[in-house]
Structure formats: C-alpha cells, structure tokens
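Everything on this sheet refers to the single structure shown next.
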Amino acid sequence: MAQEIEHTHLPIRGLNLHVAQVGTGELGTVVFLHGFPEIWYSWRHQMRAVAAAGYRAIAPDCRGYGLSEQPPEHEEVSPDDLIADVLGILDALSVPKAFLVGKDFGAMPAYGFALQHPGRTLGVVCLGIPFNPAPMSFDAIMPEGFYILRWREPGRAEADFGRFDVRRVVRTIYVLFAGAEIPIAKEGQEIMDLADLSTPLPEWFTEEDLDAYAKLYEKSGFGYPLKMPYRSMHKLPNRLDAKFQVPVFMVMGEKDYAFKFPGFETAMRGGVMDNFMPDLKITYIPEGSHFVQEQLPEQVNDLLLGFLRDHPSAA
C-alpha cells in the first residue's frame, strides 16, 4: 500500500515553508526542488517511487510559492536564498546528507547547493536545465516577445495574467510549456494570447491536476514567482572555475522547448559540462517535454532510482 504524503510547515530563515514528505529513509533522503509554474505536487510520482524504494522524499514549496510564506514585498530577491533554504530544511529535519533533484529553476539551487555544500550532498539530478557557469543574457539572442524577456519586465506579466483567473493562467502556461516550441509572442500580442481554452491540456495532465495547481497559486499569487526566477536570473554568480565533487545526472527531454534555448544543446552534447562535472551522466528522453517527470513518470522514476542505487548513501 502506498505511503501517504505528509505535510508540514517549517520555520526556515524567518519564513514558514511548506514541506511535503513521505518515506522512512533507511536508504537516504531525496530533496525535490520544483520550477515554475510548479509546486511540490509536481513531484508526486517521484516522491512515491523513491519512498517505496526505501528513501525519504522531501519536496518543499519554494518560498513565495504554494503553501509557503511570502517574503516581504520590499525584500531583495536572490538565488542564494533558495540554497540557504535547502540547507535550513535539511538542518530542521536533521538530515546530514541528501540527494538533490531539481528541474526548471529548481536546478539553480540544486547545482548551487552541491557546489557550496558538497559535504551535505550525495548527488544531483537535474531535469531539462544544464549547469550554466555564468548568468545567461537573452537580450541579444532572442526576440522581444520571448516569454522570459516579457516576464522580466515589471508589470508586464502582471497585466497579462490579470486578464484571466488563476486557473486559466496556470492552464495556459502548462499548455505552452508542454510544447516543443519556445513561447514567443508577436508584436501587439501577450504570452497569454498564445493559447486559449480550445487548446487541450496535455493528455497526462488532468483537470484535477490543474485544480491542485490553481488552488495553491490562488493562495500565493504570481508576484514572487515572477521575481524568482524571471527577475533575478541576472544575479546568478559567475562560476567559471566550478568543480562538482559529487555525481551529477542530467535528464533531458528532447521535446522540451528549453532544449532549443541558444547554447543548451551544445552545452549538453558538446561535452562542455564535463569540464565542471567530472562524474557526469546525461540521458535523453526522445519524447520528453518540459514536464517529463509528470508526462513520463515511470521512465523518469526508473532513471532516478537507477542513479540512487548506483550511488548508495551511508544512511
């Protein structure tokens, strides 16, 4: 019988962060870090799989997301907060070391934590986002309608999203991000105009799943999620001399629109990441989308459990 996912709030660095967890952890702990427009729920399939295999699964809602508390509105937003939050969660739960699994912007704290705290890291698994040793600048290489450039602009996405209810906004972003093309608006068009209700949800994403996301974004709103990641990417540090001391497993869906970002495929297929990660494995999933862990959970679970088994912890 599948174990029930439990929910709690932990006081972490002045904020009450929501954490979902399941599993006894006799084989170790796995921390799952979500992206946008996601929440802990994005990892539901992987959490149950690793728990059934003997691990403890921990999936927080990032600060400002879902059931986690909002940082003060005037507070400076920094990617370093996400790394410090992971450390705070591990300390609060008395977890000495953990595997980190990240996707989308959740890859940033996964990579960053492994570099800053190699002694607390057993290994890193990232879906869809290669390690970038320097902040990416899209201004010169992407058109003005590129969704990241649009959402980076204060007030632009707020006005765009504000035309619809939260459920419709989440639905549209899921439809767009599940596709193989980069979302780019034309002149006079906003990102929310790129799909309407006639565009079906992906077959693996149910109306009940959408309800779960919408409910939590109704609580959190989109204010902080637009700041993190879209308005703080430029704050990522230069890490040109980075050297990972832990094993890294990169899983890339070949139909993930992000695979078409300039430089992404070259970084992965050209061996660039090997310079930073002496123990790197990369696997491609031909039909995999940006949400590959929800789209093809059994395949992702098999890959994840294989990595965990190949790198047994001392737990």
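Overall, the anisotropy analysis places the range 165-315 in the prolate class: the square-rooted eigenvalues a ≥ b ≥ c of its C-alpha gyration tensor yield a/c not less than 1.5, with a/b exceeding b/c. Decide, for the range 181-251, between rounded, prolate and oblate: order the square roots of the alpha carbon gyration tensor eigenvalues as a ≥ b ≥ c, take rounded if a/c falls under 1.5, and otherwise choose prolate if a/b is larger than b/c, else oblate. Because a/c hits 1.5 or more and a/b exceeds b/c, the range 181-251 counts as prolate.
Phi-derived couplings, Karplus 6.51 cos²θ - 1.76 cosθ + 1.60 at θ = phi - 60°, listed residue by residue for the range 29-46: 10, 10, 9, 9, 10, 7, x, 10, x, 10, 8, 3, 4, 4, 9, 4, 5, 6 Hz, with x used for Gly and Pro. Of the residues 76, 144, the one with the largest accessible area comes first in the ranking 76, 144, computed with a 1.4 Å probe on protein heavy atoms. Calculated [222 nm] ellipticity per residue, helices only, for the chain: -8500 deg cm²/dmol; basis is -39500 (n - 2.57) per DSSP H run with n ≥ 4, divided by all residues, nearest 500. Of the residues 272, 77, the one with the largest accessible area comes first in the ranking 272, 77, computed with a 1.4 Å probe on protein heavy atoms. Taking the charge dipole of the chain about its Cα centre, with +1 at Lys and Arg Cβ atoms and -1 at Asp and Glu Cβ atoms, the residue from 32, 125, 238 reaching farthest to the positive side is 238. Extending 7 Å from Cα along the Cβ direction at residue 74 and again at residue 266 yields two label points whose distance is 4.4 nm.
The stretch between residue 26 and residue 4, if pulled fully straight at 0.36 nm per residue, gains 6.2 nm over its current Cα-Cα span.
Solvent exposure of residue 236, expressed as accessible area, is near 40 Å², computed with a probe of 1.4 Å over the protein chains only. Taking Cα centre as origin and charging only the Cβ of basic (Lys, Arg, +1) and acidic (Asp, Glu, -1) residues, the dipole magnitude of the chain rounds to 640 debye. Taking amide H atoms as placed 1.01 Å from N in the peptide plane, the amide H of residue 253 lies under 5 Å from those of 128, 285, each 5 or more residues away in sequence or on another chain.
Could you work out the local net charge near residue 29, counting Lys and Arg as +1, Asp and Glu as -1, over the other residues with Cβ closer than 11 Å to its Cβ? Mind dumping the intermediate values first?
Values: positive: 56, 97, 120; negative: 26.
It works out to a net charge of +2.
Compared with the direct C-alpha span, the chain from residue 210 to residue 137 gains 23.1 nm at full extension, assuming 0.36 nm per residue. Taking amide hydrogens as placed 1.01 Å from N in the peptide plane, the amide H of residue 102 sits under 5 Å from those of 33, 125, 126, 127, each at least 5 positions away in sequence or on another chain. If one computes the Cα centroid of the range 40-103 and of the range 1-23, what distance in Å separates the two points? About 9 Å separates the Cα centre of the range 40-103 from the one of the range 1-23. Phi angles across the range 238-250 convert, under the Karplus curve 6.51 cos²θ - 1.76 cosθ + 1.60 with θ = phi - 60°, into 3J(HN,Hα) values of 6, 10, 5, 9, 4, 9, 6, 9, 10, x, 10, 10, 10 Hz, Gly and Pro given as x.
For residue 92 and residue 53, the difference between the fully extended length at 0.36 nm per residue and the C-alpha to C-alpha distance is 11.7 nm.
For the range 198-203, putting each phi into the Karplus relation 6.51 cos²θ - 1.76 cosθ + 1.60 with θ = phi - 60° gives couplings of 6, 7, x, 5, x, 4 Hz, in residue order, rounded to whole numbers and with x for Gly and Pro.
Overall, the anisotropy analysis places the chain in the rounded class: the square-rooted eigenvalues a ≥ b ≥ c of its C-alpha gyration tensor yield a/c less than 1.5. For residue 87, neighbours were defined as the other residues whose beta-carbon sits under 14 Å from its Cβ, and their charges (Lys and Arg +1, Asp and Glu -1) total 0.
Using the Cβ atoms and a cut-off under 11 Å, what net charge is assigned to the surroundings of residue 310, where Lys and Arg are +1 and Asp and Glu are -1?
Counting the neighbours of residue 310, the net charge comes to +1.
Beta bridges from DSSP with both residues in the chain: antiparallel share about 35 percent, rounded to the nearest 5. In the structure shown, do any of 219/281; 215/255; 227/260; 97/281; 219/243 have a Cα-Cα gap over 31 Å, and if so which? Over 31 Å Cα-Cα: 219/281; 219/243.
Close amide H partners of residue 56, meaning residues 5 or more places away or on another chain with modelled amide H under 5 Å apart, are 25, 27, 28, 29, 30.
The values are calculated or read from the model by the stated rules, or taken from the named source; none is laboratory data. Here the structure is a predicted model, which is why all the values come from computation and not from measurement. Please note: Cβ atoms are built from the backbone with ideal geometry, for glycine as well, and neighbour counts cover all protein chains shown. In case anyone asks, the SASA skips ligands and DNA or RNA and just uses the protein heavy atoms, side chains included. Shrake-Rupley method; radii C 1.70, N 1.55, O 1.52, S 1.80 Å.
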